[in-house]
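The values are calculated or read from the model by the stated rules, or taken from the named source; none is laboratory data. Every value quoted in this text rests on a predicted model; they were computed, and no experiment measured them. Counting neighbours? That spans all protein chains shown, and the Cβs are built from the backbone with ideal geometry, glycine included. Side chains included, ligands, DNA and RNA excluded: accessible areas come from the protein's heavy atoms. Shrake-Rupley method; radii C 1.70, N 1.55, O 1.52, S 1.80 Å.
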Amino acid sequence: MPELPEVETVVKALKGHGLLKEKIKKTEVFCPSLIVPFSSKEFESILKEQPFKSITRRGKFIIFSFDSSWFLLIHLKMSGRFFLKSQNEELKKHEHILFHLSSGKVLCFHDTRKFGKLILTKNPEEILRKLGPEPLSKDWKKEEFYHALKKSKKSLKTTLLDQSFLAGLGNIYVDECLWRAQLHPLRKAFSLTKKEAMSLHGAIQETLKKGLKYKGTSLGKGAPNFHQVNGQIGSHQNHLWVYGREDLPCLRCQNTVRKMFLNGRGTHFCPTCQLILKSSERKSSS
Ligand SMILES: [Zn+2]
């Protein structure tokens, strides 16, 4: 599933392709189940002749705003993606929504698994206020993160996947962050020392920036799950520290990386450098 770095990569590319200079001339919806809460006809009618005002990201949502005070929140879910095509190109499989733009280009929403959601609303905060802080924002303070961890009785992996705790992380980046910070995924969040929480804060920012640098992670058997707007895949999958490396040597200690399932999610970790013990216990047991 696209996570913060992938969604941010899409947002940057859409802006780079000049979407902010465009107006939606016409919209065509071929898969009404992707749009919320309006009918295809209402959706097409509300967006007709709308100029783009801004394109931003919050958590894993892409947010289009329009002059008319309407907002379109897009969640790519498993396999949603945007790309641009020319008007005379024929409609291909999985192209479910077409936005015909004033320049003659067509912005296409493509989704092989059809889990994506496009929510048209005048009140985006109704959805966005449920999200936790943005991990790459200057407002995300180490102290606050430490105190928030203290309140969570859940495991670190479950806590970091919770979008109301912290926005934008998913299965891949959480495994990467925990490996970087040398913390076991099953460790209870409240058990972290201040030093460990500070180190995890840094590891989260470092990991997300690395994902952004390589323009996202594209994984999956057959068709990769993430494509940039230009159709290319990201390259972060070639630079992963622990995710997908089960039975391979840990890049830090050379011991074998393990995979376990936690709430049905494949979780990768190094049992040697990500000990479940608290640092104080680690000292006394060694
Ligand atoms: Zn290791």
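Summed over segment 76-123, residues that are of a type in the set (A, V, I, L, M) and either closer than 17 Å to Asn230 by Cβ or free of Cβ contacts under 8 Å to residues at least 60 places away in the same chain (or both) total 5. If you filter segment 230-249 down to residues that are assigned to a helix (DSSP H, G or I) and surrounded by fewer than 18 Cβ atoms within 10 Å (Cβ to Cβ), you find that the one that is nearest to the ligand (Cβ to nearest atom) is His239. Taking the criterion of being of a type in the set (Val, Ile, Thr) and surrounded by fewer than 17 Cβ atoms within 10 Å (Cβ to Cβ), the only residue of segment 187-229 that qualifies is Thr193. Restricting Leu149, Leu136 to residues that are assigned to a helix (DSSP H, G or I) and out of contact with any Lys or Arg (no Cβ under 6 Å at 6 or more places or on another chain) narrows the list to Leu149. A single entry from Lys157, Lys151 fulfils the requirement of being open to solvent by 70 Å² or more (accessible area, probe 1.4 Å), at pLDDT 95 or above and of a type outside the set (Phe, Trp, Tyr): Lys151.
Restricting Leu91, Leu72 to those that are open to solvent by less than 20 Å² (accessible area, probe 1.4 Å) and not aromatic (Phe, Trp, Tyr) reduces the list to Leu72. Name every residue in segment 203-229 that is in contact (Cβ under 8 Å) with a residue 24 or more places away in the chain, in a helix (DSSP H, G or I) and not β-branched (Val, Ile, Thr), in order of residue number. Ala203, Gln205, Glu206, Leu208, Lys209, Lys210, Gly211, Leu212 - these are the residues of segment 203-229 that are in contact (Cβ under 8 Å) with a residue 24 or more places away in the chain, in a helix (DSSP H, G or I) and not β-branched (Val, Ile, Thr). Only one of the listed residues (Glu49, Glu42) is in contact (Cβ under 8 Å) with a residue 12 or more places away in the chain, acidic (Asp, Glu) and open to solvent by 60 Å² or more (accessible area, probe 1.4 Å). That residue is Glu49. Of all residues in segment 10-52, those that are more than 15 Å from Phe66 (Cβ to Cβ), charged (D, E, K, R) and part of a strand (DSSP E or B) total 1. Using the structure shown, decide if Gln163 is open to solvent by 30 Å² or more (accessible area, probe 1.4 Å) and within 13 Å of the chain's Cα centre (by Cα). Taking the combined requirement at face value, the residue satisfies it. Being in a helix (DSSP H, G or I), open to solvent by 60 Å² or more (accessible area, probe 1.4 Å) and either within 16 Å of the ligand (Cβ to nearest atom) or modelled with pLDDT of 95 or more (or both) holds for only one residue in Arg282, Arg252, and it is Arg282.
Of all residues in segment 184-206, those satisfying the criterion of being within 16 Å of the ligand (Cβ to nearest atom) and out of contact with any Ser or Thr (no Cβ under 8 Å at 6 or more places or on another chain) are His184, Ser199, Ala203.
Does Leu131 meet the test of being within 27 Å of Asn225 (Cα to Cα), at pLDDT 95 or above and part of a strand (DSSP E or B)? Considered against the rule, which asks whether it is within 27 Å of Asn225 (Cα to Cα), at pLDDT 95 or above and part of a strand (DSSP E or B), Leu131 comes out as no.
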